[in-house]
Every structure is written in C-alpha cells, then in structure tokens.
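See structure below.
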Amino acid sequence: MAEMKFYGTGRRKNAIARVWVKPGNGNVTINNRELAEYFGKATLEMIVRQPLVLTSTSDKYDVVATVKGGGTTGQAGAVRHGIARALVQADAELRPALKSAGYMTRDPRMKERRKYGLKKARKASQFSKR
C-alpha cells in the first residue's frame, strides 16, 4: 500500500512552496536540508512550525517542502501556508483553528510595480521650483 501523503501549495510575495505532509515524527525538510540549516534564524523556524504547534501535530507529521523565489521571510511564510493547507487535507477538523489563526489565507501584499516617469514604484525625482 502506498504511504499517505498530503499536499499543499503555499505562496507569499514571490515565493512558492510545494509542501508534502506525511505521518512521521516531526522532521521538517526544506529543499533537501534541515529546517535550522536552511533558514538559520529562530524566528523563521518559528513561523514555519506555527501551524503544527497550533494543531499540536508537530510530533505526528513529517514535512517535506521545496521552495522557489522570493527571500527568506517570504519563503518561510509560503511554507507555513503550504503546511496549513496540507494539514487540512490530512484532517479537515483542523480547518477552523488554522483559519481563525490566519494561516489558511494567502497574504496578498506584493511588491508594487514601477511606474514610468518615476525612479521606483512611488519615488519621484527631486522637485525644485527654481
């Protein structure tokens, strides 16, 4: 029999995470590296583990994720979103808790595009009357 795997896609800013959750003992692997080795910061590790801690399933599931694009914070947010979605696939009763904590909602904030005539999205060249 094939092993049970639950999939979730997570996105934040320009980062996209593909996350698989399977029964195990709490190992988190991102791009074939351990969580602490990949992110290095305790705050980013905490962000990734938040859905597991909230649902008290951190020792019941192993997480395997591949992440592309964005920076470290965006990638951590994307992995968190993917884990939350995969946990809901694994157990639908976890959805209300994850939704009320805001882990099921995709963060819509993106970098604003650059407009012509300006140096950046909103930065204009210096104005002088004379």
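Give the lysines reachable from Lys119 as a straight Cα distance under 23 Å; neighbours fewer than 8 places away on the same chain don't count.
Those lysines meeting the cut-off are Lys13, Lys111, Lys129.
Report the extension gain between Lys60 and Glu34 in nm, rounded to one decimal, defined as 0.36 nm multiplied by the number of residues separating them, less their alpha carbon distance. Kindly include the intermediate steps, with their values, before the conclusion.
Working: separation 26, 0.36 × 26 = 9.36 nm, distance 1.72 nm.
The span from Lys60 to Glu34 would gain 7.6 nm if fully extended.
Multiply the residue separation of Asp107 and Ala121 by 0.36 nm, subtract the distance between their alpha-carbon atoms, and state the gained length in nm to one decimal.
Details: separation 14, 0.36 × 14 = 5.04 nm, distance 1.99 nm.
Result for the pair: 3.0 nm of gain on full extension.
Using Cβ contacts closer than 10 Å as the measure, can you line up Met104, Met110, Met46 from fewest to most? Walk me through the numbers on the way to the answer.
On the way: Met104 19, Met110 9, Met46 13.
Arranged by neighbour count, lowest to highest, Met104, Met110, Met46 become Met110, Met46, Met104.
With a cut-off of 8 Å between alpha carbons and a minimum separation of six or more residues, what is the relative contact order of region 6-101 in percent? Could the numbers behind the result be given before it?
Working: 197 pairs, mean separation 41.9, N = 96.
Relative contact order here is 44 percent.
Using only Cα positions of the chain, each an equal point scatterer, no hydration layer, compute I(q)/I(0) via Debye at q = 0.22 Å⁻¹ and quote the log10 values to two decimals.
Here log10 of I(q) over I(0) equals -1.26.
Please state the charge dipole magnitude for the chain, taken about the Cα centre, from unit charges on C-beta atoms (+1 on K and R, -1 on D and E), reported in debye and rounded to the nearest 20. Working shown, then result.
Numbers: 27 positive and 10 negative charges, 337 e Å.
About 1620 debye.
The numbers here are math on the coordinates, done by the rules we state, and not lab data. Here the structure is a predicted model, which means the values were calculated and not measured. Here the Cβ is made from the backbone with ideal geometry for all residues, glycine too, and neighbour counts use every protein chain on show.
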